[in-house]
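What follows is a set of notes on a single structure, which appears directly below.
The values are calculated or read from the model by the stated rules, or taken from the named source; none is laboratory data. Remember, predicted model here, so these are calculated numbers, not experimental data. For neighbour counting, all protein chains shown are included, and Cβ atoms are generated from backbone atoms with ideal geometry for every residue, glycine included. In case anyone asks, the SASA skips ligands and DNA or RNA and just uses the protein heavy atoms, side chains included. Shrake-Rupley method; radii C 1.70, N 1.55, O 1.52, S 1.80 Å.
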Amino acid sequence: MGENLTPFWADFNGSLRFDSRSERLTTEAGAVILREVAERLGIVPWLVERLHDPRNPRLITHPLAELLHTSVLMMAQGWRDRDDADTLRDDAAMRLAVSTRRGISPLLGPETKEEGGTRSKNPPVPEGLASQPTLSRLGRVLAEEENRNVLREGLLEVASRRVKAGRDGHRMRYASIDVDGLPIDVHGHQPGSKYNGHYHARIYHPIVASLAETGDLVDLRLREGNVHSADGALEFVLSVVERVEKKLCQVASVRLDAGFPEEKLLAGLEARGTPYVARVKNNEVLDRMAEPYLFRPVGRPPKEPRTWFYEMRYRAESWSRSRRVVLVVLERQGELFLHHFWLITDWSSEQMDAGALLELYRERGTAESHYGELKSVLDPALSSSPRQKSHYRGAVPQQRTAAGDAFAQNEVILLLNALAYNVMHAARVLLAGATGEGWSLMRMRERVLRVAARILVHGRRATLVIGKAPAKLWHALWSSLIVWRYAENR
């Protein structure tokens, strides 16, 4: 369990001594909760069935399922670097949480015999968690295009299973898909990272989609740092809409930021019959159209700021036809001039009036807060850089450029972080329902996941002992989890 610490005493209290012992102590007890959530979702077995693992089965020490659990749970617990695997190598809670083996065998060494002197019939037990080199090799395997596509599909699969679990296996009637660019800062010159003048930083600029009603991430693709927000959006959005309507809802609509409304994307959504709402960047033509309406009515203004809507048709030079736009004029308290912006949609005014359209678009703020949690709480470390050679024990060598390989590995890191987010979000939703409180991912990590515990082994059972404060939250979450069952597609 590691080296013992030489005892030392505190000056402020001579009766207080610091010591370490080779006992099963942990600060990562919450990893077992996340493993239970992932287990009930069944997402890791789903991934293992579809991922291509080129390793020789006879030479495998850490099964693919354990490597996936290790990567996702480390990220969820706040250990963002692969080097941290060496720090957690002997952590008892992490060993239990990532293992595919039953009983107490994850806590035993490879040469440990069970009670009675008989050797366990389970497969050989590795000495602790997978090491950093093993996780790096996993990243290279997952960087294959077919495996990255499986990871993307896994995001929607988690969301679908979680939503259906709370709806007796039924799909939603309607769902809104939020699409946006997500700047991820890098600290180096990783392939594909570029300086972006809009964000004033060197970044990757992935495109991400999430479900507005549930907060789950459903797809994500890494892009170079200096691409336009709408770069690759047509293929990405249409693919997401088709898959979401197939697995999760009957009718999907799309909400877009101001950087996305381009002719190809709008025409593609209209041809498919997919409703959308997006903000449109102001320009000289739109400013001239808005000018007659940027005046307050005569009279004393009320205490509550007012909002006005004006329906119009507008056709940009690059558009094939005119489209419905809504001018939204806002009155802000204490400001002399009115503010305004434009929304574009393919809903008719009979289907959705201007006020309802604005309320629908304003709900994008919730999606942006979820993206913010992915960035701030998971804080993906996209640090893979080119290597001259790539080896994997038992794998067939493949010819790839070093830069392309590093870019693909960084996309894998981002996708694994997104999977970790979805698993944490599933636990967060259960906890919020059980406690009647709102929970951020950071608050849940601090109070529920990063919990100190002692693991006691007696006979063939292990008992995880935690303090009273987190125990109340664990009990509330576990009570919800017990009755939560994934219902098969109907």
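A few comments on the model shown:
- Filter result (assigned to a helix (DSSP H, G or I), over 22 Å from A159 (Cα atoms) and open to solvent by less than 50 Å² (accessible area, probe 1.4 Å)) within the range 244-275: E263, L265, L266, A267, G268, L269, E270
- Long-range neighbours under 8 Å by Cβ, at least six apart or interchain, first residue at positive phi and part of a loop (DSSP other than H, G, I, E, B) within the range 194-223, second open to solvent by less than 10 Å² (accessible area, probe 1.4 Å) and modelled with pLDDT under 95: G215/A367
- Test: residue in the range 332-339 that is buried (at least 16 other Cβ atoms within 10 Å of the Cβ) and modelled with pLDDT of 95 or more: no
- Of all residues in the range 295-307, those that are part of a loop (DSSP other than H, G, I, E, B) have Cβ atoms under 8 Å from Cβ atoms of residues that are open to solvent by 70 Å² or more (accessible area, probe 1.4 Å), 6 or more apart or on another chain, in P305/R332; P305/Q333.
- With respect to being assigned to a loop (DSSP other than H, G, I, E, B) and within 27 Å of V451 (Cβ to Cβ), A38 falls outside the description.
Quick grid of which residues meet (1) out of contact with any Asp or Glu (no Cβ under 8 Å at 6 or more places or on another chain); (2) open to solvent by 40 Å² or more (accessible area, probe 1.4 Å); (3) at pLDDT below 95:
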{"site": "A10", "(1), (2), (3)": "yes, no, yes"}
{"site": "E23", "(1), (2), (3)": "yes, yes, yes"}
{"site": "R40", "(1), (2), (3)": "yes, yes, yes"}
{"site": "L51", "(1), (2), (3)": "yes, no, no"}
{"site": "H62", "(1), (2), (3)": "yes, no, yes"}
{"site": "L67", "(1), (2), (3)": "yes, no, no"}
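- Residues located in the range 46-84, provided they are in a loop (DSSP other than H, G, I, E, B) and among the polar types (S, T, N, Q): N56, T61
- Of the residues making up the range 209-237, those that are under 19 Å from N410 (Cβ atoms) and open to solvent by 10 Å² or more (accessible area, probe 1.4 Å) are R221, L222, R223, E224, N226, V227, D231, G232.
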